[in-house]
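Engineer: Structure below; questions to follow.
FYI, it's all coordinate maths here, none of it is from the lab. Everything numeric here is computed off the predicted structure, so don't read it as measured data. All Cβ positions, even for glycine, are placed from backbone atoms using ideal geometry, and neighbour counts span all protein chains on display.
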Amino acid sequence: MKNVDLQQRKEAATPRGVGVMCQFYASHAQNAELWDVENRRYIDFAAGIAVLNTGHRHPRLISAIQAQMEKFTHSCYQIVPYESYIELAEQINQLTPGTHAKKTALFSTGAEAVENAIKIARAATGRSAVIAFTGGFHGRTMMGMALTGKVAPYKLGFGPLPSEVYHVPFPVELHGITTANSLAALQALFRADIDPKRVAAIILEPVQGEGGFYAAPFDFMQALRKLCDEHGILLIADEVQTGFARTGKLFAMEHYAVTPDLMTMAKSLAGGMPLAAVCGRADIMDAPAPGGLGGTYAGNPLAIASALAVLQVIKDEQLCERAQILGDRLKEKLNSLRTKVPHIADIRGLGGMVAVEFNDPVRAQPDADFTKRVQALALQKGLLLLTCGTYSNVIRFLFPLTTSDELMDEALSILAEAMQQA
Ligand code: PMP
């Protein structure tokens with residue numbers, strides 16, 4: 001099979017709206033490596049967009065899925081329930097920040113988790129408005145898209161969007177927006193557009209993912225919690241991209257002395273199987289009436305088997321610590337390149353959620369072209385990297401946390417070459 005042939009069939013058979021980054025086609029993969037149909041090998045630091053914190057085909061995930069396959073693959077939890085759903089809910093309730101009583105509902109995708117978190121928040125508060133942030137990403141469904149703080153390409157041509165969604169600038173000091181600016185914008189919103197007593201929820205990613213790997217400042221998260229408490233607004237942490245050891249903690253909210261009311265998670269939860277969850281305060285989670293939550297595939301047994309194995313692997317292989325170690329090594333390497341690559345505007349990261357931002361050194365403006373060149377050169381040399389950021393001038397690193405030291409060394413030297421040649 002040839003990549004060019006598949007590319008032609010793809011163009012003819014599938015819509016361009018499903019944008020595809022690579023022009024090669026996956027054949028097989030193992031841990032942090034992937035091979036295409038022409039047997040070319042890539043080091044995979046895209047990890048299916050933050051899904052593979054435990055790597056491709058972790059043997060313990062494979063055997064858990066296989067064992068479940070021998071029993072049953074689907075019964076629909078809402079028709080005939082199964083223990084593993086309860087077991088996973090119990091574990092998530094226990095592992096998420098806060099010692100209060102919690103409940104968890106399972107879904108299939110991140111966007112679905114976000115949709116349901118908003119439904120739950122509305123049912124619990126009897127309020128309708130939701131506040132999100134510029135640069136935030138929350139999915140491609142109607143509400144996920146409305147909450148997403150970026151128009152192109154996510155909202156183009158897809159209106160009308162759900163009403164009562166408001167955006168406030170996310171604090172990114174690098175781009176001139178301080179915590180005080182964001183808080184002032186919230187107050188301005190309350191004066192001009194919406195009574196805070198009609199706001200059901202404020203949703204944010206503790207570290208923006210698609211938006212550029214910007215961590216919410218500590219004082220900002222604290223101020224949001226205070227504001228929410230003052231007005232009876234629920235705080236929703238979207239941990240779809242930050243969760244499951246990526247930031248050096250099981251959940252990024254553990255970096256903040258703040259407990260959210262609701263949390264969404266997906267991606268690395270099941271290490272490659274489609275599974276998502278909303279976890280939150282028990283009283284809030286119980287607000288929707290029976291039958292109001294769920295879905296035919298929500299909490300698929302194969303995906304749950306995989307998720308239970310993921311939680312074991314994270315613990316046994318100390319992947320939180322590993323995220324920090326690998327993230328630190330990467331940042332050290334990037335820092336050593338600062339003098340050789342004047343385009344480097346910022347190197348940042350929480351644990352293993354590391355990014356490098358590029359500016360044009362003369363104009364000191366975001367340099368999307370340079371970023372694209374680094375990405376393309378790395379890919380040519382066999383390292384798969386993702387970009388992100390409102391200005392597309394950030395390279396983000398989503399290496400599996402199971403990446404070996406040797407493979408990390410190889411990736412870092414490819415990265416250094418690509419950055420110097422770009
Ligand atoms: N929230 C966040 C923070 C995300 O990063 C994403 C996906 N990139 C989503 C929601 C949507 O998840 P999914 O693509 O699984 O619907």
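Engineer: From the backbone phi of the stretch 166-179, what are the Karplus-calculated ³J(HN,Hα) couplings (6.51 cos²θ - 1.76 cosθ + 1.60, θ = phi - 60°) in whole Hz, Gly and Pro given as x?
Structural biologist: 10, 10, 10, x, 7, x, 10, 4, 4, 10, x, 10, 8, 4
Engineer: Kindly rank 262-274, 149-161, 380-392 from highest to lowest mean number of other beta carbons found within 10 Å of each residue.
Structural biologist: 262-274, 380-392, 149-161
Engineer: For n ≥ 4 DSSP H runs only, could you compute -39500 (n - 2.57) per run for the chain, divide by its residues and tell me the 222 nm figure to the nearest 500?
Structural biologist: Mean residue ellipticity, 222 nm, calculated: -11500 deg cm²/dmol.
Engineer: Ok, one more. How high is the relative contact order of the chain, in percent, with contacts defined as C-alpha pairs under 8 Å that are six or more residues apart?
Structural biologist: Values: 859 pairs, mean separation 88.4, N = 422.
Once divided by the residue count of the chain, the mean separation gives 21 percent.
Engineer: With a cap of 11 neighbouring Cβ atoms within 10 Å, and only residues DSSP puts in a loop, list the GluC sites (Glu not before Pro) found in the stretch 59-152. All intermediate terms of the calculation are to be shown ahead of the outcome.
Structural biologist: Values: sites: 70, 83, 87, 90, 112, 115; in loops: 70.
Here the sparse-neighbourhood loop sites are 70.
Engineer: Cα convex hull of the stretch 276-422: mean projected area in nm², to one decimal?
Structural biologist: Hull-based average projected area comes out at 12.2 nm².
Engineer: If I model a spin label at residue 3 and residue 155 as a point 7 Å from the Cα along the Cα→Cβ vector, what separation in nanometres do I get?
Structural biologist: Using points 7 Å along Cα→Cβ, the separation is 3.6 nm.
Engineer: When you have a sec, figure out the Kirkwood radius of the chain from all distinct Cα pair distances and drop it here in Å to one decimal?
Structural biologist: Computed over the chain, the radius equals 22.1 Å.
Engineer: From the phi of every residue in the stretch 276-291, what ³J(HN,Hα) in whole Hz does the Karplus formula 6.51 cos²θ - 1.76 cosθ + 1.60 yield, where θ is phi - 60° and glycine or proline is x?
Structural biologist: Each residue's phi maps through the Karplus curve to give 9, 8, 10, 10, x, 3, 4, 5, 5, 4, 8, 5, x, 5, x, x Hz.
Engineer: Mean 1/r over all different Cα pairs, inverted: what Kirkwood radius does the stretch 112-261 give, in Å?
Structural biologist: Mean inverse Cα-Cα distance, inverted, gives 15.4 Å.
Engineer: Could you order the peptides 93-103, 233-243, 116-126 from most to least packed, using the average number of other C-beta atoms within 10 Å per residue? Don't skip to the answer; put the middle values down first.
Structural biologist: Working: 93-103: 15.7, 233-243: 28.3, 116-126: 22.3.
Packing order, densest peptide first, comes out as 233-243, 116-126, 93-103.
Engineer: Between the stretch 127-204 and the stretch 290-345, what is the C-alpha centre distance in whole Å?
Structural biologist: 26
Engineer: On a straight-distance basis, which lysines could pair with residue 249 in a cross-link, Cα separation under 17 angstrom, same-chain partners fewer than 8 positions away excluded?
Structural biologist: Cα-Cα hits under 17 Å: 267, 315.
Engineer: Using label points projected 7 Å from each Cα along Cα→Cβ, tell me how many nm separate residue 83 and residue 340, to one decimal.
Structural biologist: 5.6
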